[in-house]
């Protein structure tokens, strides 16, 4: 009788939703391989319930955690910031002798 009850319970029980990063039917949960979903620009490392992105040599991971910018984009951004800063100084004539606290 105990075996019949056990089989009956196995057919109809449910544990509920699977945690984030897993998929299942309420009885069993399996890890979702997010790397198969093109989650990262360059390198994807799947882990239980999650994943991590990395970039190839010469690239930097962006703040979004999934896209990469190369050295050219990083250098361009630095040069653009320097250019804008220099133009701001030139436009406002902020040379040291024109600053009130110097």
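The values are calculated or read from the model by the stated rules, or taken from the named source; none is laboratory data. Every value quoted in this text rests on a predicted model; they were computed, and no experiment measured them. Ideal geometry is used to build each Cβ from the backbone, glycine not excepted, and the neighbour counts take in all protein chains shown.
Determine whether residue 49 is surrounded by 10 or more Cβ atoms within 10 Å (Cβ to Cβ), on the phi > 0 side of the Ramachandran plot and either in contact with a strand residue (DSSP E or B) (Cβ under 9 Å, 6 or more places away or on another chain) or at pLDDT below 60 (or both). So residue 49 passes the test.
When segment 58-69 is filtered for residues that are modelled with pLDDT of 90 or more and in a loop (DSSP other than H, G, I, E, B), the ones remaining, listed by number, are 62, 63, 64, 65, 66, 67.
Within segment 70-80, none of the residues are under 23 Å from residue 20 (Cα atoms), in contact with a strand residue (DSSP E or B) (Cβ under 7 Å, 6 or more places away or on another chain) and either at pLDDT 90 or above or not in a loop (DSSP other than H, G, I, E, B) (or both). Any idea which residue in segment 32-46 is modelled with the highest pLDDT, counting only those that are closer than 21 Å to residue 17 by Cβ and surrounded by fewer than 16 Cβ atoms within 10 Å (Cβ to Cβ)? Selected residue: 33.
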